[in-house]
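Report on one structure; see the data block that follows.
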Protein chains: 2
Amino acid sequence: MLKHWNDGPTKSAIVDFVGRVTTPGPDFVAPQDRIAVFDNDGTLWCEKPAYIQLDFLMRRLAAQAAADPALAARQPYAAAASGDLDWFGAAVTKHYQGDDSELKVLATGILSAYSGITVEEHAARVTAFFAEVRHPTLDRSYTECGYVPMIELLRYLESNAFTCYIVSGGGRDFMRPVTDGMYGIPPERVVGSSVGVTFADGNLVTTAQPEFLNDGPVKPVRIWDRTGRRPMFAAGNSNGDIEMMQYTKGFRLLVWHDDADREFAYEAGAEKALKMAESEGWTVASMRSDWAEVFPR
Amino acid sequence: MLKHWNDGPTKSAIVDFVGRVTTPGPDFVAPQDRIAVFDNDGTLWCEKPAYIQLDFLMRRLAAQAAADPALAARQPYAAAASGDLDWFGAAVTKHYQGDDSELKVLATGILSAYSGITVEEHAARVTAFFAEVRHPTLDRSYTECGYVPMIELLRYLESNAFTCYIVSGGGRDFMRPVTDGMYGIPPERVVGSSVGVTFADGNLVTTAQPEFLNDGPVKPVRIWDRTGRRPMFAAGNSNGDIEMMQYTKGFRLLVWHDDADREFAYEAGAEKALKMAESEGWTVASMRSDWAEVFPR
């Protein structure tokens, strides 16, 4: 097991922890309480040069701008139409640094981008996106942008009777159509941000009303809603994962993006999390040193 | 299987449906899509003479009134202190008939009744309540107020690879501490109304803010949030279950409380659902005729 992890203290720490909680003794945890939570963007799949979901949204915003010149003059439609990824990336980075001004402009566009369709139609559009679109620089489809050591870790935990959930700031209904195929995680174990849906004529239809931004202190709240349990294992990579880590009693794994050759090297949006890993004794997984492979071959 | 159900059209309809969706052919449903949703109050456990959760809340409100005379003069504390169940029952019945005025007064008291404690402490109080309190008229503890034919139905569906969820207007965190023991349903498969919880100092703490009233058109929305799937089987008993039934493609079972000898006979709050069962072809389970037993012996 864990053959895509290089031998060393990170791999040993994971294996030691799993051994302790599955072996009768003081650290034993009953199988039903072996809950593991995984962030998605930057933890299970690549989030650079931009969130995959931003690509999905930008294509829709650009199409809306092309159909309506009044929209094309405004943000976020103007940035989407010109492919100005930096505007989008800056809005999110500023959010993690405490400035929500541009995120709010972005959110208004995002919230209405796919409003007024059934959840099944929304899922079909997500599925079509993943079938068509490739990562802009990695020469692979987005569905091949999951990290093989992390997918292997999901299986390793499951083989030790853990139940794994994805708990992401990304959209619940954006992830669900692909998480089973990419990660072996079914829709009922995907927790994410959500836009409200409403019941109409026997169907659920998307609205433009925000429901949950599943980030930071909201993550533990939504984990409780979904599971009614406190996790024993958490994996994340950014400042938005800190509270999920703090809520977790057990093992905390922070993915460190330090591999410019095989993926991307960055600490923006993870500065506080990396400091806390040191002060709180969380385990840091260096992509460069700890991972034998990054992506599926 | 289903030995607590009398032979007849209701039992036959259930068995026929399960046979069809589990047998290769035009009606076959893949195991992962065999989602069943069960209302709780009046569907899985007895809801008369009052919701069990009202008893839990009234005891707390009465204790608050005893500790604070200013509270004791106001509703809902006055009704709780005098054991005036009718005031509480009327507030809920009026809600189902479209008048929310008293429910709002009730809700304010309910929302703050258990605010400011950790979710673990809340669960401990629920557990203590169920360990101590008995049903006021049925001469049994509340944990023995589950309907054995319905619990048997949960097991029957599970033995046919269905995954069963509770989807109740009752409190998510009121049900969770007892659903595993009473029904074999773990906390991650309990969907209910919720009061907001907030992350503080590494813990989740209850607030007095309403989050979801999981009733009527909200039920399909919360089912989608929890499962990401459309149910194939739904069981309910009241007007608050109508939209959940409409969202379900497959089998709809409506429990009809027509057994004054063994339980209670009433249609208040279920008038519309009983009419729709007829017009929409839902299956009605008569407690009197279809159930060989009601409660555990």
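Derivation of every value follows stated rules applied to the coordinates shown; laboratory data play no part. Just so we're clear, the structure is a prediction, and the values are computed from it rather than from any experiment. Methodologically, a virtual Cβ is constructed for each residue, glycine included, from the backbone with ideal geometry; neighbour enumeration extends over all protein chains shown.
A few notes on this one:
- Test item: A:134-144 mean partner chain Cβ contacts at 10 Å: 0
- Less than 5 angstrom separates the built amide H of A:F251 from those of A:F233, A:A234, all sequence-distant by 5 or more or on a different chain.
- P(r) weight above 20 Å for segment B:43-111, C-alpha pairs, percent: 25 percent
- Copies compared at A:A67 - label distances in nm, ascending, label defined 7 Å from Cα in the Cβ direction: 5.7
- Quotient of C-alpha Rg and 2.2 N^0.38 Å, computed over segment A:119-167: 1.49
- Here the Debye sum runs over all C-alpha atoms of the protein assembly as shown as equal scatterers in vacuum, and log10 of I(q)/I(0) at q = 0.09 Å⁻¹ comes out as -0.77.
- Across the copies of the chain, B:V105 has label points (7 Å from Cα along Cα→Cβ) spaced 5.0 nm apart, shortest distance listed first.
- Rounded, prolate or oblate (a/c below 1.5 giving rounded, otherwise prolate when a/b exceeds b/c) for segment B:127-248 by Cα gyration tensor: oblate
- With q set to 0.17, 0.20, 0.31 Å⁻¹, the log10 of I(q)/I(0) for segment A:27-69, from the Debye formula over equal scatterers at the Cα positions, is -0.65, -0.73, -1.00.
- Charging the Cβ of each Asp and Glu at -1 and of each Lys and Arg at +1, and nothing else, the dipole of chain B about its Cα centre rounds to 460 debye.
- Computed across segment B:6-52, the Kirkwood hydrodynamic radius from all distinct Cα-Cα pairs reaches 13.1 Å.
- Per-bin percent of Cα-Cα distances, segment B:207-297 [5 Å]: 3, 13, 21, 20, 16, 14, 9, 3, 1
- The distance linking segment A:24-99 with segment B:15-85 is 38 Å (Cα centroid to Cα centroid, whole angstrom).
- B:T93-B:R59 FRET efficiency (beta carbon distance; Förster radius 25 Å; 0.05 resolution): 0.75
- Span from the segment B:127-172 Cα centroid across to the segment A:153-216 one, whole angstrom: 28 Å
- Database note for chain A: Cys without another Cys beta carbon under 4.7 angstrom, A:C164.
- Distance in nm between pseudo-label sites at A:L213 and B:D7 (7 Å out along the Cβ direction from Cα): 6.3 nm
- The Rg/Rh ratio for segment B:143-196 is 0.98, where Rg is the radius of gyration of the alpha carbons and Rh is the Kirkwood radius.
- Placed amide H near A:D41: partners under 5 Å, 5+ positions off or other chain: A:G169, A:G170
- On the rotation that sends chain A to chain B, the chain A Cβ lying closest to the axis gives residue and distance in whole Å as A:R226, 3.
- Aspartates and glutamates whose Cα lies under 15 Å from that of B:K249, excluding same-chain neighbours fewer than 8 positions away: A:E120, A:D201, B:D27, B:D33, B:D241, B:E280
- FRET E, pair A:R134, B:I117, Förster distance 60 Å, beta-carbon r, rounded to 0.05: 0.75
- Of B:A265, B:A200, B:A124, the one that fluctuates the most in a GNM where chain B has Cα springs shorter than 10 Å: B:A200
- Axis of helix B:9-22 versus longest Cα principal axis of chain B: the two differ by about 70°, to the nearest ten degrees.
- Antiparallel beta bridges, as assigned by DSSP with both residues in segment B:81-235, represent about 75 percent of the total such bridges.
- DSSP bridge pairs, segment B:156-217: antiparallel proportion in percent, nearest 5: 65 percent
- Take each residue of peptide B:219-230, count the partner chain Cβ atoms within 10 Å of its Cβ, and average: the result is 6.
- Mean ellipticity per residue at 222 nm, deg cm²/dmol - from DSSP H runs of n ≥ 4 across the protein assembly as shown, formula -39500 (n - 2.57): -13000 deg cm²/dmol
- Antiparallel beta bridges, as assigned by DSSP with both residues in chain A, represent about 35 percent of the total such bridges.
- The distance between label points at A:S286 and B:A73 comes to 7.0 nm (points 7 Å beyond Cα on the Cα→Cβ vector).
- Pairwise Cα separations in chain A fall into 10 Å bins from 0 onward with the following percentages, short to long: 6, 28, 36, 21, 8, 1, 0.
- Size check on segment A:23-145: the Cα extents along the three principal axes, sorted descending, read 67, 35, 33 Å.
- Segment B:74-132, dipole about Cα centre (Lys/Arg Cβ +1, Asp/Glu Cβ -1), debye to the nearest 20: 120 debye
- Working from the Cα coordinates of segment A:9-92, the gyration tensor eigenvalues give, after taking √(5λ), semi-axes of 47, 13, 8 Å in decreasing order.
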